[in-house]
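Report on the structure given below.
Just so it is clear, none of the values below were taken in a lab; they were calculated from the coordinates. Treat the numbers as computed from the prediction; the structure is a model and nothing was measured. Note: ideal-geometry Cβ built from the backbone for every residue, glycine included; neighbour counts use all protein chains shown.
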Amino acid sequence: MVAMTHRERVLAALNHEETDRVPIDFGGTYTTTIYYAAYERLKTHLGVDHATNIYSKTRRLAIPDEAVLQRFDVDTRFLGLGGYEGEQRELDEDNYLDEWGTTWRKAEDGHYLYVDGPFFGEKKPDTEALLKGDWPDPDNPGYYRGLAERAAALRRDSDCAIILNMPIGVIHQGQFMRGFGDWLKDLYKNREFSETLMDVIAERWIRVAENALDLVDGNVDIVFFGDDLGSQLAPMFNPDIYRDLIKPRHERMIAAVKARAEVKVLYHSCGAIAPLIGDLIDIGVDALNPVQVTANDMEPRSLKERFGERIAFWGGINTQEVLPFGTPDEVRTEVRRVIDCLGPGGGFVLNSVHNIQNDVSVENIVAMFDEARAYA
């Protein structure tokens, strides 16, 4: 097969067409990159020296430098929004308040956890207070400063697929504002509040997406966002709850994106979400990340057989077992296995299952990407 450009390779895979090799993503999104400390070790191993670009204070994620991306022949490039100007601030060395009113605290391992929010602990949250709240301005200039120029430069200086990373969706943002357990209970006990909260978030998300897509002016290929639907064993709520309450909001968000630009939508959800993949296809999701292959009913060959003609898969390399605990040879074997399951006929972009964590050796990182590049 004639060699493809990086962008051609990714878009062909998303269109379920055969490619010259499986496309590789590393750092194209904020769920397909690497924890900053692991990245520092990778830089040393590769013999490259540059300042590490940290995507998010709370996530502590690195966006790989061009030198690293070229070393692994990566097919994607990251494009992110800027930081909100105004409301967010450092409370002290280890605590941070974001623009939605959620407090984040640094844990011992360096990750940040949300510990308080505007509706934490309220047994019967006030829908009127929610509607009157001073929530983030979707037109805040901080989101968009330099976005058009960065998108144009990526298009000019690379032949890669450019991924516009959007904020998290209605599930995660609601959990950060309400608390995980109470947010889940609201779906059943405080439905009016739950739906209103999702609408408040979705309306702002759509406005941000429309603003960003207007600014980038066709210089992106994929729009990415994440909203976890699953646990290790099953969806985190009854699928009917998803269909009744959450799916309509996701559908509006995706429809707004596709009405504004000719792009693919890459959606992130961890966990055992096989019962909901058909719903994601219904609302226009083009590719699913991370394909958590160790979760219940997420075996890659079965997913390909059931859904492979209608949705692409993005991820697939096991970060719970093989990458942290396997040898480089075992990593290479797993890469070949997953490509054999998900790659035939297109429809697969290779990456680790979620971000590479600090327990993964640099030898295994190199083995994963080098084997993916070599195994046609």
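Give the aspartates and glutamates whose C-alpha is closer than 15 Å to that of Lys43, dropping any in the same chain fewer than 8 places away, or say none. Within the straight-line limit of under 15 Å, Lys43 reaches these aspartates and glutamates: Asp65, Glu66, Glu363.
Summing charges over neighbours of His45, with a neighbour being any other residue whose Cβ is under 15 Å away from its Cβ, gives -2 when K and R count +1 and D and E count -1. Ordered by the number of other Cβ atoms lying within 10 Å of each residue's own Cβ, fewest first, Glu210, Glu262 fall into the sequence Glu262, Glu210. Specify the residue with the greatest mean-square fluctuation among Leu266, Leu46, Leu97, computed from a Gaussian network of the chain linking alpha-carbon atoms under 10 Å apart. Residue with maximal mean-square fluctuation among Leu266, Leu46, Leu97: Leu46. Fewest-first ordering of Lys123, Lys106, Lys189 by other beta carbons within 10 Å of each residue's beta carbon gives Lys123, Lys189, Lys106. Sorted fewest first by neighbouring Cβ atoms within 10 angstrom, His16, His354 come out as His16, His354. Of interest is the spacing of the C-alpha centroids, which for region 346-375 and region 88-119 amounts to 31 Å. Cα centroids of region 1-38 and region 210-237: 17 Å apart. Quarter the surface of the alpha carbon convex hull of region 19-112 and you get the mean projected area, 7.6 square nanometres.
Shape analysis of region 95-208 yields a ratio of the Cα radius of gyration to the Kirkwood radius, Rg/Rh, of 1.06.
Antiparallel DSSP bridges in the chain: what percent, to the nearest 5? Here the share of antiparallel DSSP bridges comes out near 40 percent.
Take the Cβ atoms of His45 and His16, set R0 to 41 Å, and the FRET efficiency comes out at 0.70.
In the chain, helical runs assigned H by DSSP with n ≥ 4 each contribute -39500 (n - 2.57); averaged across all residues and rounded to the nearest 500, the mean residue ellipticity at 222 nm is -12000 deg cm²/dmol.
Given their separation in residues at 0.36 nm each and the Cα-Cα distance between them, Ala107 and Glu93 gain 3.8 nm when the chain is fully extended.
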